[in-house]
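Data block below; observations after.
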Amino acid sequence: ANTPPGAMPPVGAVPAPGGPPPSAAQPPATVSFVPAQVDTIMGGSFNVTMAISNATDLFSAPLQIKYDPKVLKLNDVVQGNLMASDGQQVTFTKNILNDTGEADITLNRLPGNGGVTGSGILVTLSFTTIGRGSTSVSTPAFGPTNSQGQPILNASPLLTVNVR
């Protein structure tokens, strides 16, 4: 069960004894909502960022956001600083569907520029609360890839929103 070079082991996998020394291993990329929980009032607005840490050669970050359209309205999605942190241009598209509580977002670096390595903000989401209750914002289709088209992390962060 050898992992081919460049492939990520499954999440939670423990490296086999006799593998490379820990200093050679890169910390895995992680993605999260900041903050991970928002407590707000009806009619209030808030921003939350989607941050990625320890990305290596991040080239493309297609992203779908899902939320409850009875509780939240997504006003805007703003590109973060990470994908263009080296000064290269990034193609950024967003399609917000508040009727169904979905947003499709794409961040792509231009071909030939390679990926970006580091930590930072992918996008900032601006919401307004239009209903009361406890709800979550999820990322069911988040598939960041490197400049070779290989997935660099498999994670779906969750944001909890409590509206009183």
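The values are calculated or read from the model by the stated rules, or taken from the named source; none is laboratory data. Just so it is clear, the model here is predicted, and its values are computed rather than measured. With ideal geometry, Cβ positions are generated from the backbone for all residues, glycine too; neighbour counts draw on all protein chains shown. Remember, those area values only see protein heavy atoms, side chains included, never the ligands or the DNA or RNA. Shrake-Rupley method; radii C 1.70, N 1.55, O 1.52, S 1.80 Å.
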Taking only protein heavy atoms and a 1.4 Å probe, what accessible area per residue, in Å², does the stretch 21-115 have with all protein chains in place?
50
Excluding residues fewer than 8 positions from Lys70 in its own chain, the aspartates and glutamates with Cα under 14 Å of it are Asp99, Glu102
Counted charge near Gly112, where neighbours are those whose Cβ lies closer than 14 Å (Asp, Glu -1; Lys, Arg +1)
-1
How big is Rg to Rh over the stretch 39-106, alpha-carbon atoms, Rh as the Kirkwood inverse-mean-distance radius?
1.01
Subtracting the Cα-Cα distance from 0.36 nm times the residue separation, let me have the gained length for Val78 to Ser32 in nm, one decimal.
14.9 nm
Net charge around Asn95, counting only other residues with Cβ within less than 9 Å of its Cβ (Lys, Arg = +1; Asp, Glu = -1)?
-1
Using r as the Cβ-Cβ distance of Met42 and Ser156, and R0 as 30 Å, what FRET efficiency do you calculate, to the nearest 0.05?
0.65
Sorted from largest down, what three extents in whole angstroms do the Cα atoms of the stretch 53-160 have along their principal axes?
45, 23, 19
Suppose R0 equals 25 Å; then what is the FRET efficiency for Ser53 and Ser134 from their Cβ-Cβ distance, rounded to the nearest 0.05?
0.40
Set of the stretch 39-71 residues, backbone N closer than 16 Å to the point 7 Å along the Cα-Cβ line of Thr93
60-65
What would the Debye formula give as log10 I(q)/I(0) at q = 0.22 Å⁻¹ for the alpha-carbon point model of the stretch 111-152, no solvent?
-0.95
